[in-house]
1. Taking the stretch 15-46, which residues are in contact with a Ser or Thr (Cβ under 7 Å, 6 or more places away or on another chain), open to solvent by 50 Å² or more (accessible area, probe 1.4 Å) and more than 20 Å from Glu112 (Cα to Cα)?
2. Of these, Leu58, Leu24, Leu64, which one is more than 22 Å from Ser121 (Cβ to Cβ), more than 19 Å from the chain's Cα centre (by Cα) and not in a strand (DSSP E or B)?
3. Are there any pairs with C-beta distances below 8 angstrom linking a residue in the stretch 53-71 that is in contact (Cβ under 8 Å) with a residue 60 or more places away in the chain to a residue that is acidic (Asp, Glu), with the two at least 6 apart or on different chains, and if so which?
4. If I filter the stretch 183-201 down to residues being within 20 Å of Leu137 (Cβ to Cβ) and open to solvent by 40 Å² or more (accessible area, probe 1.4 Å), which single residue comes out as nearest to the chain's Cα centre (by Cα)?
5. Tell me, which residue of the stretch 202-216 that is under 27 Å from the mean Cα position of the chain (by Cα) and surrounded by 16 or more Cβ atoms within 10 Å (Cβ to Cβ) is nearest to Pro173 (Cα to Cα)?
6. Give the residues of the stretch 93-122 that are in a helix (DSSP H, G or I) and either among the polar types (S, T, N, Q) or within 19 Å of the chain's Cα centre (by Cα) (or both), sorted by residue number.
7. Looking at Gln19, Gln78 in this structure, which one is in contact (Cβ under 8 Å) with a residue 60 or more places away in the chain, part of a loop (DSSP other than H, G, I, E, B) and polar (S, T, N, Q)?
Amino acid sequence: MPKERSILLIEDNLAIARQVVEFLEGLGWNVDFASSGQLGIKLALNAQFNVILLDLNLPDTDGLAVCQAIKEQAQRNQPILMVTARDAFEDKAKGFGHGADDYLTKPYDLRELALRCEALSRRPELHRDSLLIEGGLRVDMRAMTAHWQQTPIPLKGIGLKLLSELLVAHPYPVSRSNLISAIWGADPPESNALKSHIYSLRKVLEHVSGRQLLFTISNVGYQLKGLD
């Protein structure tokens, strides 16, 4: 787990870095600092942070490559806020395309930077392990694959996302409303969509495991059982 209220700042401009560090530490954040992309990658892969602040114009490598490397190599997802003077829409599209979770253009108000850090640190889905293992069930959200013991589970899209949500909650059930929110956000489809996807997921899991793994909990939601 990341240290309490921890931030990694990857920024080569020492004057800006000093200002950001002093402001955030004054608000109670613990801030680590890297002045190069390679050092930033090394720190991100060897520790857990609530938020990573990443400048794109670095002396040794482009910030886009740094972002992608951290997202692909870190065992646990860490929210990345790109902070840069590149303000064109195309630049923002590239940033999000390389894995950024938020994007803030310079110059900016330090108060807004702090608010965005707070928001990212409170989003639990941005801090999950990419590899989920419980008993014989294994889900790799980076590779987008699932296995029961050594047998691949043919899932993708919503089915894989549903399984990951249920696995994160194991051994506890997940309510229908929480599953709908996790899958579709504020724009859910018609009412029977979740039931249909749960039915399909249950059948796939039964087929590969030879037993029932997904159960309906009356008036609650759905729960994985018997994974050992």
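1. The one that is in contact with a Ser or Thr (Cβ under 7 Å, 6 or more places away or on another chain), open to solvent by 50 Å² or more (accessible area, probe 1.4 Å) and more than 20 Å from Glu112 (Cα to Cα): Gln38.
2. Values: Leu24 fails: more than 22 Å from Ser121 (Cβ to Cβ); Leu64 fails: more than 19 Å from the chain's Cα centre (by Cα).
Result of the check over Leu58, Leu24, Leu64: Leu58.
3. Within 8 Å, the pairs are Leu53/Glu11.
4. Applying the first criterion (within 20 Å of Leu137 (Cβ to Cβ)) to the stretch 183-201 yields 183, 197-201.
Next, only the ones that are open to solvent by 40 Å² or more (accessible area, probe 1.4 Å) stay: 197, 199-200.
Details: His197: 23, Tyr199: 27, Ser200: 26 Å.
Filtering the stretch 183-201 for residues that are within 20 Å of Leu137 (Cβ to Cβ) and open to solvent by 40 Å² or more (accessible area, probe 1.4 Å), the one nearest to the chain's Cα centre (by Cα) comes out as His197.
5. Selected residue: Leu214.
6. The first filter runs over the stretch 93-122 and keeps only residues in a helix (DSSP H, G or I), leaving 93-97, 110-121.
If the condition is that a residue be in a helix (DSSP H, G or I) and either among the polar types (S, T, N, Q) or within 19 Å of the chain's Cα centre (by Cα) (or both), then Ala93, Lys94, Gly95, Phe96, Gly97, Leu115, Arg116, Cys117, Glu118, Ala119, Leu120, Ser121 are the ones that fit.
7. Just one listed residue meets the conditions, Gln78.
The values are calculated or read from the model by the stated rules, or taken from the named source; none is laboratory data. Predicted model only: the values in this text are computed from it and were never measured. Note: ideal-geometry Cβ built from the backbone for every residue, glycine included; neighbour counts use all protein chains shown. Heavy atoms of the whole protein, side chains included, go into the accessibility calculation; ligands, DNA and RNA do not. Shrake-Rupley method; radii C 1.70, N 1.55, O 1.52, S 1.80 Å.
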